[in-house]
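Since the structure comes first, as structure tokens, the remarks are kept for the end.
The values are calculated or read from the model by the stated rules, or taken from the named source; none is laboratory data. The shown structure was predicted, so the numbers you read here are calculated from the model rather than taken from an experiment. Using ideal geometry, Cβ is built from the backbone for each residue, glycine included, and neighbour counts are taken over all protein chains shown. Accessible surface areas use protein heavy atoms only, side chains included; no ligands, DNA or RNA. Shrake-Rupley method; radii C 1.70, N 1.55, O 1.52, S 1.80 Å.
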Amino acid sequence: QNDICKLPANQLADFRNRELGFVWQIHSLLAEFTALENVMMPMLGAAGFPNDAMRQRAAGLIDSVGLAPWRDNLAGNMSGGQQQRVAVARALAMNPALLLADEPTGNLDTKSADGVFELLRRFNREHGTSVLFVTHNAALAARCDKTIRVVDGELTG
């Protein structure tokens, strides 16, 4: 095992791109790119140029979050909930070892939130992706394998 804290900046950036997926409350999508292109971004960072395998992987992930009809829409023209689902697909693009998610379902309706939660669970089961997410949704938290409750900055359970 390597101590990632000792990696030079370029290797640390490569580690983050390949091993970690991030979903933020603010989606950080590139508005002038399509949903498909946004999901391809981590793969482009790793390979340097687009290819058919990337497009197929990105399309499959977009389909898995229920956005197949919007695959070629510009991210800037999508609703907040659609953008959030694109952000989840983008975070899974590199099949990361660890997905860190800050309220990944916070902007979604109940059905879409359930779908995203099940997608994260599926990636956990099928790909071994560990998922650490923060949520205020008690119903989703109750469905997790393990929960850590924080109240006013203190661990309570």
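Some notes on this structure:
- Fraction of antiparallel bridges per DSSP, the chain only, in percent to nearest 5: 25
- Under the Karplus curve 6.51 cos²θ - 1.76 cosθ + 1.60, θ = phi - 60°, whole-Hz ³J(HN,Hα) for region 38-54, x wherever Gly or Pro sits: 4, 5, 6, 3, x, 5, 5, x, 7, 9, x, 8, x, 8, 5, 4, 4
- Amide H partners (placed H, <5 Å) of Thr34, local residues excluded: Ala75
- Take region 23-115 with all the other protein chains still there, run a 1.4 Å probe, and you get 46 Å² of accessible area per residue.
- For Phe133, residues with placed amide H under 5 Å, excluding near neighbours: Ala101
- Element breakdown for the chain at a 1.4 angstrom probe: carbon and sulfur atoms account for 53% of the accessible area.
- Charging the Cβ of each Asp and Glu at -1 and of each Lys and Arg at +1, and nothing else, the dipole of the chain about its Cα centre rounds to 280 debye.
- ³J(HN,Hα), Karplus 6.51/-1.76/1.60, whole Hz, each residue of region 99-108, x for Gly, Pro: 10, 9, 9, 9, 6, x, 10, x, 9, 10
- If you take the Cα centroid of region 6-64 and the Cα centroid of region 86-100, the two points sit 8 Å apart.
- Exposure ranking of Ile62, Ile148 by accessible area [1.4 Å probe, largest first]: Ile148, Ile62
- Multiplying the residue separation of Ile148 and Leu20 by 0.36 nm and removing their Cα-Cα distance gives an extension gain of 44.0 nm.
- Each residue of region 86-96 was assigned a 3J(HN,Hα) from its phi angle through the Karplus expression (A = 6.51, B = -1.76, C = 1.60, θ = phi - 60°), giving 5, 4, 5, 4, 4, 5, 9, 4, 9, 6, x Hz with x at Gly and Pro.
- Taking packing as the residue-averaged number of other Cβ atoms within 10 angstrom, the listed peptides 2-15, 27-40 run from highest to lowest as 27-40, 2-15.
- For the chain, built as a Gaussian network whose Cα springs stay under 10 Å, the top-fluctuating residue of Pro96, Pro50, Pro42: Pro50
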